[in-house]
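Data block below; observations after.
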Amino acid sequence: MNSNGILYKEIFNPWFKPLVIFLPPFYKYGIIIQQEEQEHEASPSTENQVQTDKSSPDASITFGYGRTGPSGITSQAILLKEIDPSSIVTGTASAKDNLLEFGGWGIRYNFMTKTWAYNAINGPFIEFVHLKGHKQTRYRIVSNHVDQVVSLLLGKDNKERMQQDINS
C-alpha cells in the first residue's frame with residue numbers, strides 16, 4: 001500500500017473524448033481504491049492526554065471522470081462496506097452492447113435495468129449494487145484489470161459479510 005493509502009489506481013483517456021464537445025479534452029476516466037485511516041478519540045488515559053485509534057480503516061472506491069482522474073460531479077465515491085458483495089458480477093461489453101444497453105459511452109443510465117454505467121471503453125466491466133440506507137443503486141464500471149478490482153471490492157470485511165449472508 002502506498003503512503004497515501006491507494007490500493008489500486010487506473011487512469012486512462014477515453015477513446016471518445018475528442019468527439020464530445022461538453023467534455024473538456026483533458027478529462028480522464030479512472031478507478032481509485034484507497035484505504036483511509038480515521039482517527040477516533042479513545043478514552044483519555046490521563047487528564048491531559050487523549051489517545052487516537054487509527055486501527056479502523058475505511059476503504060473506498062472512486063470511479064468516473066475528472067481532470068486528472070475521477071473527481072467532482074462526474075465521479076462517484078463509495079465506501080466498500082456499502083457494496084453488496086453478492087451483487088458483484090463481471091462481464092464484457094462490445095460496442096453493440098454499449099449502444100443497445102446504454103445508448104453509447106460516458107456516464108449513462110439504463111431505465112430498464114436501473115443501472116448507471118461509467119463505460120469509457122468497450123470490454124471488461126464490473127457491476128455492483130451500492131446500498132445506502134434503503135436506497136439501492138446499481139453501477140457498471142469498466143476496468144482493464146477486472147479481477148484485481150473485484151478482489152479489492154471483496155476485501156476481508158465484505159468476504160465476512162457475504163459469508164454471514166449465506167449462513168443466515
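The values are calculated or read from the model by the stated rules, or taken from the named source; none is laboratory data. This one's a predicted model, so the numbers in the text were calculated from it and none came from an experiment. Positions of Cβ are generated from backbone atoms using ideal geometry, with glycine treated the same way; all protein chains shown enter the neighbour counts. Accessible surface areas use protein heavy atoms only, side chains included; no ligands, DNA or RNA. Shrake-Rupley method; radii C 1.70, N 1.55, O 1.52, S 1.80 Å.
All but one of (1) open to solvent by less than 20 Å² (accessible area, probe 1.4 Å); (2) under 18 Å from Thr62 (Cα atoms); (3) at pLDDT 95 or above hold for Asn110, so report the exception by its number.
Just one mismatch for Asn110, condition (2).
Among the residues of region 105-118, what is the count of those that are without any contact (Cβ under 8 Å) to a residue 40 or more places away in the chain and among the small types (Gly, Ala, Ser)?
1
Give me a count of the residues in region 61-84 that are touching a Lys or Arg at 6+ places or on another chain (Cβ under 9 Å) and within 9 Å of Ile32 (Cβ to Cβ).
2
Residue by residue through region 60-92, note down the ones that are in a helix (DSSP H, G or I), within 12 Å of Val129 (Cα to Cα) and open to solvent by 40 Å² or more (accessible area, probe 1.4 Å).
If the condition is that a residue be in a helix (DSSP H, G or I), within 12 Å of Val129 (Cα to Cα) and open to solvent by 40 Å² or more (accessible area, probe 1.4 Å), then Lys81 is the only one that fits.
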